[in-house]
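Everything on this sheet refers to the single structure shown next.
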Amino acid sequence: MAGILNFLVSFAIMAAIYAIFAMALNVHWGYTGLLNFGIAGFFAVGAYTSAMFTSKMPTGTLAKYVKMAFGFDLPFLCGVLAAGIAAGIIAVLIGLLTLRLSEGYLAIATLGIAESIRLVLNNEHWLANGPQGLIGLPKPLYGLVPPAYYNYIYLIIVVIFLAIIYFALERGIRSPWGRVLRAIREDEVMASADGKNIFLFKLQSLALGAVIMGIGGALYAHYSGAIQPAVFEPLFGTFIIWTMLTLGGTGNNKGAILGAFIVWALWSWSTFLILKFVPQGFQTRAPFIRYVIIGFLLAGIMVKRPKGLIGEERTVSRF
Amino acid sequence: MIELIIYGIILGSIIALGSIGLTLIWGITELFNCAHGDQITVGAYSALIFIALFTRLGIMQEPIGPFSFGWGILIAFIPAILVSMGLAILIDQLVYRPIRQARGHFITAFIASIGVAWALRGLIYIIWGADFHFYTTGLRPMIFLPMGIKFRTDEIFIVVVAWIAVAAVYIFMSKAKMGKALRALADNPGLARISGINTERMLVWAWGIAGLLIAVAGVLYGIETQLRPEMGWIFLLPLFAAVILGGKGSITGALAGGLVLGIAQQVSTAWLLPSYKPAVAFLIMILVLIFRPKGIFGTRQV
């Protein structure tokens, strides 16, 4: 019983972190129509920034094996804040370069930038220890309860972040600012004829979504306690989040959260079932069934229900 | 440096061949097919089935002439091409056709193609596992030229086959009646339809041709390196760059773009770690997108 409960808690933590990413993608794709295929890049920047802001610089013999550009040993919240800011700065730089591109080109450019970020993290050992990555990242409020119950504390922390981000975004999309974003998505020329600075609004949207992705990356880093560049490959870092948002409902934050929980349940529970039921000799290959599931799901949604399970609300204004 | 340029031409020829199928589909259907790379992987692996069969039977193993491979590989091209063409047409009918008929946005099909890519890669992992595979395990003969330049004899074969395929597609698209119909479809689908062109049937042909090119590119890529499930996905990124460099739907553009990227990637290894090669391709692509969004090599449509 306790085992199942523990499994559910760790499931809920990851699903909630993914829900944060799905809502961030919703800012880009759902509200503004920006095709961001580089989520993994902002994810990685957030995770690494927070990891390095909160870790101690390695000393003694450890320094021979673990290389880091800096380590400030600051509290958890400073790390999260820094992660958001760093991802936001990167987003502004990327946006200045690429936001004038048309939709499809933007997708490929962001995919390329995310892959380049991962290559830099993988190859530049001095920066963040190369392919081995960083381990032993500090966990907030550790020691408050016995270690066996620590995940409950972390779940509460993640849910608080999720709630704050959800209500802030709901507020934002109902504001005049949010309505401009939706107008840009529907018809850029009309929005610009109304005197809106399209580029500036897109840049703000890209930065806002990236800040949230950075925060999500920080939450992931401190939950898993270890990060390597391999985590930020396109499937795990980008396309699983696209599947979540498009399944749940593009343009709807509730849909984003719902999609995150459904897809993560499919992903993590299929591992569980595979380990239980698939014969021993086939177990190294069986986890790739998840690729097929995610792939078919994404293609199937696009063919059958491009709007997702809960579509966008048509009116967001109260009057 | 001359050596790096020669390696660049070899790599560039394979990139060019891979990117022509991509640019054809992009020009004709407006779809930027993210599953293209994984379809290349499928092409390479389906040749492997037959090569493994020949090995089991112990026939057609003797290397031909100076090459490392026997007749088995050349014969395996045919079933690989058939599998790849069938797969391309099947995917179009099952996934992209319903989206077309629902008048979906081109981005809907774009995202769906990512799903197709993951599904194909998952199937390859399940069937063949994550290990590397090779077409031949024998020696790989080299050619030595003056000034310390050396390359494998197989690479001559790769470059020649790639260029023949590129030339054949180019002649087909500019001279054959079907090629002209496909170009008409790319230019103006509505006008093509009222001129009596059966657009759905033309699209079946377009995907068939793309499937053929994909299989040839996959097998050549398999001869040049080794087979692994991620090979096509990693290869996709330079293909995108070459296609964007060449301009939408342009065969000669894709050829030139492929060569530029191949040479740039190989020459960059003189200063950068080889693992940065994909990043070099992207940097070039982003610069082109910013300064010459229509591609640098003309904007002539297919």
**OP:** Taking B:Arg56 as meeting all but one of (1) part of a helix (DSSP H, G or I); (2) farther than 30 Å from A:Gly308 by Cβ; (3) touching a residue at least 12 places away in the same chain (Cβ under 8 Å), write down the number of the exception.
**Re:** (3)
Original post:
Do you know which residues across region B:104-114 are at the interface with chain A (Cβ under 7 Å from one of its Cβ atoms) and not in a helix (DSSP H, G or I)?
Top reply: B:Gly104
**OP:** Taking the residues in region A:187-203 that are without any contact (Cβ under 8 Å) to a residue 24 or more places away in the chain and of a type outside the set (A, V, I, L, M) as candidates, determine which candidate is nearest to A:Ala86 (Cα to Cα).
**Re:** A:Asn197
Original post:
Only one residue in A:Pro75, A:Pro58 is in contact with a strand residue (DSSP E or B) (Cβ under 9 Å, 6 or more places away or on another chain) and either modelled with pLDDT under 95 or basic (Lys, Arg) (or both). Which one?
Top reply: A:Pro58
Original post:
Looking only at region A:153-163, which residues are surrounded by fewer than 17 Cβ atoms within 10 Å (Cβ to Cβ) and touching a helix residue (DSSP H, G or I) at 6+ places or on another chain (Cβ under 9 Å)?
Top reply: A:Val159
**OP:** Examine region B:115-133 for a residue that is touching a Cys at 6+ places or on another chain (Cβ under 7 Å), buried (at least 20 other Cβ atoms within 10 Å of the Cβ) and either within 13 Å of chain A (Cβ to nearest Cβ) or under 30 Å from A:Leu34 (Cβ atoms) (or both), and state whether such a residue exists.
**Re:** yes
Original post:
If you take the residues in region A:270-309 that are in contact (Cβ under 8 Å) with a residue 24 or more places away in the chain and surrounded by fewer than 18 Cβ atoms within 10 Å (Cβ to Cβ), which one is nearest to the other protein chains (Cβ to nearest Cβ)?
Top reply: A:Lys307
**OP:** Could you tell me whether region B:229-247 includes any residue that is touching a residue at least 24 places away in the same chain (Cβ under 8 Å), more than 14 Å from chain A (Cβ to nearest Cβ) and of a type in the set (Val, Ile, Thr)?
**Re:** no
Original post:
Scanning region A:106-137 for residues that are surrounded by fewer than 18 Cβ atoms within 10 Å (Cβ to Cβ) and away from chain B (no Cβ under 14 Å), which turns out nearest to B:Pro238 (Cα to Cα)?
Top reply: A:Gln132
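Residue by residue, here is whether (1) assigned to a helix (DSSP H, G or I); (2) free of Cβ contacts under 8 Å to residues at least 40 places away in the same chain; (3) not basic (Lys, Arg) holds:
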{"position": "B:Tyr135", "(1), (2), (3)": "no, no, yes"}
{"position": "B:Ala165", "(1), (2), (3)": "yes, no, yes"}
{"position": "B:Leu182", "(1), (2), (3)": "yes, no, yes"}
{"position": "B:Gly190", "(1), (2), (3)": "yes, yes, yes"}
{"position": "B:Ile197", "(1), (2), (3)": "no, yes, yes"}
Original post:
Pairs, please: C-beta under 9 Å, at least 6 apart or cross-chain, first residue more than 7 Å from chain A (Cβ to nearest Cβ) and within 9 Å of B:Leu245 (Cβ to Cβ) and in region B:281-295, second modelled with pLDDT under 80 and assigned to a helix (DSSP H, G or I)?
Top reply: none
Original post:
Is at least one residue of region A:36-43 within 14 Å of chain B (Cβ to nearest Cβ) and surrounded by fewer than 24 Cβ atoms within 10 Å (Cβ to Cβ)?
Top reply: no
Original post:
Do we find that A:Ala15 is within 30 Å of B:Arg292 (Cα to Cα), buried (at least 17 other Cβ atoms within 10 Å of the Cβ) and at pLDDT 95 or above in this structure?
Top reply: no
Subject >> Single unsatisfied condition, A:Ala183 versus (1) more than 30 Å from B:Lys277 (Cα to Cα); (2) in contact (Cβ under 8 Å) with a residue 60 or more places away in the chain >> reply: (2)
Original post:
Restricting attention to region A:94-105, and to residues there that are facing chain B (nearest Cβ under 8 Å) and hydrophobic (A, V, I, L, M, F, W, C), which single residue is farthest from B:Trp233 (Cα to Cα)?
Top reply: A:Leu97
Original post:
Taking region B:184-209 as the region of interest, how many residues are in contact with a helix residue (DSSP H, G or I) (Cβ under 8 Å, 6 or more places away or on another chain) and under 21 Å from B:Gln101 (Cα atoms)?
Top reply: 18
Original post:
Are any residues in region B:134-151 within 16 Å of B:Gly222 (Cα to Cα), surrounded by 12 or more Cβ atoms within 10 Å (Cβ to Cβ) and not β-branched (Val, Ile, Thr), and if so, which ones?
Top reply: B:Phe134, B:Tyr135, B:Gly138, B:Arg140
**OP:** Scan region B:1-50 for residues that are among the hydrophobic types (A, V, I, L, M, F, W, C), over 23 Å from B:Val159 (Cβ atoms) and in a helix (DSSP H, G or I) and jot them down.
**Re:** B:Ile25, B:Trp26, B:Ile28, B:Val42, B:Ile49, B:Phe50
Original post:
Do the conditions hold for A:Lys254, that is, is it touching a residue at least 40 places away in the same chain (Cβ under 8 Å), surrounded by fewer than 19 Cβ atoms within 10 Å (Cβ to Cβ) and of a type outside the set (Gly, Ala, Ser)?
Top reply: yes
Subject >> Residue that is nearest to B:Leu11 (Cα to Cα) [pool: residues in region B:255-272 that are touching a residue at least 24 places away in the same chain (Cβ under 8 Å) and not in a helix (DSSP H, G or I)] >> reply: B:Thr269
Subject >> Selection within region B:228-254 - surrounded by 23 or more Cβ atoms within 10 Å (Cβ to Cβ), touching a helix residue (DSSP H, G or I) at 6+ places or on another chain (Cβ under 6 Å) and not in a helix (DSSP H, G or I) >> reply: B:Pro229, B:Gly247, B:Gly249
Original post:
Does A:Thr54 fit the bill of being in contact with a helix residue (DSSP H, G or I) (Cβ under 6 Å, 6 or more places away or on another chain), over 28 Å from A:Phe239 (Cα atoms) and of a type in the set (Val, Ile, Thr)?
Top reply: yes
Original post:
Name the residues in region B:27-45 that are under 26 Å from B:Arg201 (Cα atoms) and more than 13 Å from the chain's Cα centre (by Cα), would you?
Top reply: B:Gly27, B:Ile28, B:Thr29, B:Glu30, B:Leu31, B:Phe32
Original post:
From the list A:Tyr150, A:Tyr142, A:Tyr166, which residue is in contact with a helix residue (DSSP H, G or I) (Cβ under 9 Å, 6 or more places away or on another chain), at negative phi and in a helix (DSSP H, G or I)?
Top reply: A:Tyr166
Original post:
If we keep just the residues of region B:88-103 that are surrounded by 18 or more Cβ atoms within 10 Å (Cβ to Cβ) and within 8 Å of chain A (Cβ to nearest Cβ), which is modelled with the highest pLDDT?
Top reply: B:Val95
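The values are calculated or read from the model by the stated rules, or taken from the named source; none is laboratory data. Quick caveat: nothing in here was measured; it's all calculated off a predicted structure. So basically every Cβ, Gly included, is an ideal-geometry build from the backbone, and we count neighbours across all protein chains shown.
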